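Heads up, the thing below is written out as structure tokens.
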Amino acid sequence: MKTHAFTLLFLFASTQFSPAHASTRESRVFFNGPSLSAQLDEILASPFVDACDQKTKSLAREITAAIDIRGTEIAALASKQPISSKFAVIPFGDLSLREYTGTRSSDHGWMIEKYVESWQNLYVDYQKVKDLPVNLNWVALNSDVRSILVDDQERVFWPSNLALKHDSGELIETLLKIANQCVADTECSRPLISAELNSKIQEIPKYRDLFSDLASASNPKDTLSQIINNLENDLTSYALLANAYRNGVSAQKQDGITLLSLPIDGSNLSGVQRSIIKTYFEKVWTSPAARVILNWVSQDNTPEAFKIILENQPGERAYVNGKKKEIHLFPMMRIRSIAHELGHVLGIPDHYYLLWNANQCSYQYEVNLWDLMSDSTYGEVTADEWKMLLTHYAPTLANSNSF
């Protein structure tokens with residue numbers, strides 16, 4: 001889950017996607033922990049780092065080393081006090097969560113965030129605090145750097161497409177259709193691409209490189225199969241992932257409302273913590289026509305259930321590990337982010353999109369502030385997300401036009 005810290009700076013340099021990387025990059029769980037320097041060293045050891053990584057690595061090493069030295073003090077302060085007065089603290093056992101209490105934006109719909117995230121900008125923030133004792137600005141820097149490192153890991157170890165936007169799904173489906181038709185046609189070696197479609201391909205470096213390789217390939221069918229695999233992978237950003245997760249969700253109709261029951265193992269939580277999560281989650285995941293209810297179970301008895309894991313390192317991003325069926329939560333995270341992460345367990349992917357500027361070694365996000373799965377500050381479950389869920393889990397029970 002993407003989160004904004006104080007000044008909110010996220011990512012660091014990301015490589016241009018090379019088609020040759022697709023089959024050799026490792027899909028893996030993010031490495032996280034108290035040592036930021038160790039995370040950075042792991043990233044820089046990758047064979048897929050690029051010129052931006054080389055350009056900024058000395059800055060990154062200086063910043064991560066400084067935060068590591070102050071790690072204990074930063075963690076202690078971060079666990080007690082939110083970095084912005086726009087958030088209220090919610091006691092959560094030995095941990096604390098935070099909830100946004102500020103003004104909601106009047107901007108509805110999709111937008112490119114004004115923030116430009118880069119290691120260069122982080123270094124500017126670091127220069128402002130490096131001679132000061134640990135304060136909330138150090139806490140913010142810690143959070144921003146941890147976010148940047150997560151994105152670096154995704155870039156380096158996953159074949160991520162860092163040019164997709166919220167409306168790229170239609171382009172992907174069109175390219176898939178054309179590519180599959182060509183594969184099925186024994187007389188087709190390369191699909192015919194219109195000038196209009198080619199202009200859209202050129203806007204996405206990954207697709208530009210793939211189709212450029214296709215034009216010069218000695219065995220175009222093999223290259224076309226690689227293109228199809230990449231397109232299918234990218235399309236998962238726009239589709240429900242519930243089949244892959246096998247999460248044990250059940251559906252029923254009650255008093256005219258479709259109820260989805262989501263089993264979750266909360267055995268690592270206290271009774272108070274379970275009550276806080278259940279109450280907040282069910283408030284967010286409620287509409288006039290449908291609700292999602294948390295059903296506390298044990299993985300021993302319900303192996304398809306996901307288990308909540310409480311971590312102790314402030315500043316990390318909450319995440320879901322689908323392979324291990326785990327939901328990892330961190331101190332002082334937004335309580336609404338829990339509703340977001342459980343949305344992933346239901347099968348809904350992130351609906352924010354990271355845009356990479358290779359010339360500036362910087363990033364911006366395309367987000368919808370009013371969509372929970374895009375931004376968990378105050379986002380809500382959208383009508384499209386409800387339709388996505390109910391079409392999958394309760395096709396015979398729900399009226400999908402009620403949202």
**OP:** Return a yes/no flag: does region 291-301 have any residue that is among the small types (Gly, Ala, Ser), at pLDDT 95 or above and crowded, with 21+ Cβ neighbours inside 10 Å.
**Re:** no
**OP:** Report whether or not SER270 is within 27 Å of the chain's Cα centre (by Cα), more than 30 Å from LEU355 (Cα to Cα) and surrounded by fewer than 17 Cβ atoms within 10 Å (Cβ to Cβ).
**Re:** no
**OP:** Sort through PRO91, PRO82 and tell me the only one that's in a strand (DSSP E or B) and either more than 30 Å from GLN360 (Cβ to Cβ) or touching a Ser or Thr at 6+ places or on another chain (Cβ under 7 Å) (or both).
**Re:** PRO91
**OP:** Those residues that are touching an Asp or Glu at 6+ places or on another chain (Cβ under 7 Å) and among the charged types (D, E, K, R), I need them from region 39-89; list them, please.
**Re:** none
Subject >> Selection from region 258-304 of residues that are within 21 Å of GLY93 (Cβ to Cβ) and in contact with an Asp or Glu (Cβ under 8 Å, 6 or more places away or on another chain) >> reply: VAL284, LEU294, TRP296, VAL297, SER298, GLN299
Subject >> Residue identified as over 25 Å from ALA75 (Cβ atoms), in the same structural domain as ASP255 (by TED's automatic domain parsing) and of a type outside the set (Phe, Trp, Tyr) among LEU342, LEU354 >> reply: LEU342
Original post:
Going through region 85-126 one residue at a time, which ones are surrounded by fewer than 16 Cβ atoms within 10 Å (Cβ to Cβ) and more than 20 Å from GLY315 (Cα to Cα)?
Top reply: GLY102, THR103, ARG104, SER105, SER106, ASP107, HIS108, GLY109, MET111, ILE112, LYS114
**OP:** Look at GLU326 and say whether it is more than 14 Å from ILE277 (Cβ to Cβ), out of contact with any Leu (no Cβ under 9 Å at 6 or more places or on another chain), among the charged types (D, E, K, R) and buried (at least 16 other Cβ atoms within 10 Å of the Cβ).
**Re:** yes
**OP:** Considering only region 314-403, give the strands (runs of 3 or more DSSP E) lying wholly within it that have at least 3 residues that are farther than 16 Å from ASN247 by Cβ.
**Re:** 353-357, 362-368
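The values are calculated or read from the model by the stated rules, or taken from the named source; none is laboratory data. Predicted model, so just to flag it, every value in this text is computed and none were measured. Reconstructed Cβ throughout: ideal geometry from the backbone, glycine too, with neighbour counts over all protein chains shown.
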